[in-house]
Every structure is written in structure tokens, then in C-alpha cells.
Amino acid sequence: MSNKMLIICYSQSGNTHRVAVEIQRQTQGELCQIYPWQPYPMTYWKLLSQVKKEIYDGYCPRLLPVSCNLQDYDVIFVGTPNWCGTMAPPVAAFLSQNQLSGKNILPFCTHGGGGSGHIEEDIRKICGDAKVCRIFSTIGKGGVHLTQDIGEWLRDNGINC
């Protein structure tokens, strides 16, 4: 795979960002974060209520502009928390608003025990003609083996660091 790599993610709690930083460290790719125009509630139950409604309605929130040009990259890592079995609405909004045909997409997610849900499949649906690789999934911040686990996932997907 090419050396032009972008790591783009949305992180509510900081867990997904921590994984993104480790991917950046190992790949030397550019890190770019997705931010919704209107921040999500910090209270868990309010956040959960809003997220469930957004996912059920297929709502894509308005996003703040990102500082990267996707056309400059061949490999794009896409990070999200697992929210209700799928990607966070800001990530779905970002993917649906950008042309990723011909790109290599490597999804990654963090979760609280629910695994990767159907995030990989949902990304495939949105990204159409992009090549979507196997998802990397980790609980919370990834634990003590995060560096090793990410390294193995990268090698399994043909990323040589």
C-alpha cells in the first residue's frame, strides 16, 4: 500500500483518539479529527438518548470543517466509538459527504464491551467503491497490549511500518 496515510476519527471520550494517536505513531500518517458543529451532551444518559434517536433517524450532524484534503491520501484510517452497534453519526456524516472511491479504508473502533457491532459493514455501505479492510476493535483505551495489537492489525492489512 502507499505511504500517503490519513487517520481521521471522532472521539467523544478520548478513547478513540488514543487509538488514533497510536496508529499515527506507528504509520507516521497525518491525524485529523472530526467534530460535530453542535457538541454532544456530556451526561451519559442524555448522550445515549440523542445518539439512539440520531441513528434510528439516519441523521447526519453538521460538521466543523476538517483541515485535510482526502484526495491527497491513498490509505484512510477511520476511527469511531461503537454507538448502539454502529459508527457515531459524525463519522457517518463525514463518510457520506466525501468521495472515497478507490481509497483503502481501514476502520477502527473503541467500545465498552459491544465489540465492533456492524461498523465495518456500515462503512462498506457508505463507501461504495472503496476497499474497506478488516476493522480493528478494542475495549476502552485498548489496554497494555494496544501497541502490539495495532501493529499486528497493520501488518495483517499490508501496512508496513
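Each reported figure results from applying straightforward, stated rules to the coordinates on display, with no laboratory input. Predicted, not measured: the structure shown is a model, and the values here were computed from it. We place every Cβ from the backbone using ideal geometry, glycine too, and count neighbours over all the protein chains shown.
Quick check: residue separation of residue 4 and residue 59 times 0.36 nm, minus the Cα distance between them. What number comes out in nm?
16.7 nm
Fewest first, what order do 109, 84, 133, 60 take by the number of other Cβ atoms within 10 Å?
Ordered by Cβ neighbours within 10 Å, fewest first: 84, 60, 133, 109.
Suppose we keep just the DSSP beta bridges with both residues in the stretch 5-156; what percent of those would be antiparallel, to 5?
Roughly 10 percent of the DSSP beta bridges within the stretch 5-156 come out antiparallel.
With unit charges on the beta carbon (Lys/Arg positive, Asp/Glu negative), name the residue among 96, 148, 14 whose Cα is farthest towards the positive pole of the charge dipole of the chain.
14
If one takes the longest principal axis of the Cα atoms in the chain, at what angle in degrees, from 0 to 90 and to the nearest 10, does the Cα axis of helix 15-27 lie?
Between helix and principal axis, roughly 10 degrees.
What is the fewest-to-most order of 16, 80, 27 by other Cβ atoms lying within 10 Å of their Cβ?
By the 10 Å Cβ count, ascending: 27, 16, 80.
Add +1 for every Lys or Arg and -1 for every Asp or Glu among the other residues with Cβ under 15 Å from the Cβ of residue 129, and state the total.
Within the 15 Å Cβ shell, the charges total +3.
Excluding residues fewer than 8 places away in the same chain, name every one of the aspartates and glutamates whose C-alpha is closer than 13 Å to that of residue 46.
54
For the Cα atoms of the chain, what angle does the longest principal axis make with the long axis of helix 44-57, in degrees from 0 to 90, nearest 10?
Once rounded, the angle reads 80 degrees.
With charges only on Cβ, +1 for K and R and -1 for D and E, what is the dipole size of the chain about its Cα centre, in debye, rounded to 20?
Rounded to the nearest 20 debye, it is 260 debye.
Among the DSSP beta bridges whose two residues both lie in the stretch 67-161, what percent are antiparallel, rounded to the nearest 5?
15
Take 87, 5, 42 and order them by how many other Cβ atoms sit within 10 Å, fewest up front.
42, 5, 87
May I ask which residue of 36, 116, 48 lies farthest towards the positive end of the charge dipole of the stretch 5-156, with charges of +1 (Lys, Arg) and -1 (Asp, Glu) on Cβ and the Cα centre as origin?
48
Quick one: which of 52/131; 103/125; 53/141 span more than 21 angstrom between C-alpha atoms?
Too far apart for the 21 Å limit: 52/131; 53/141.
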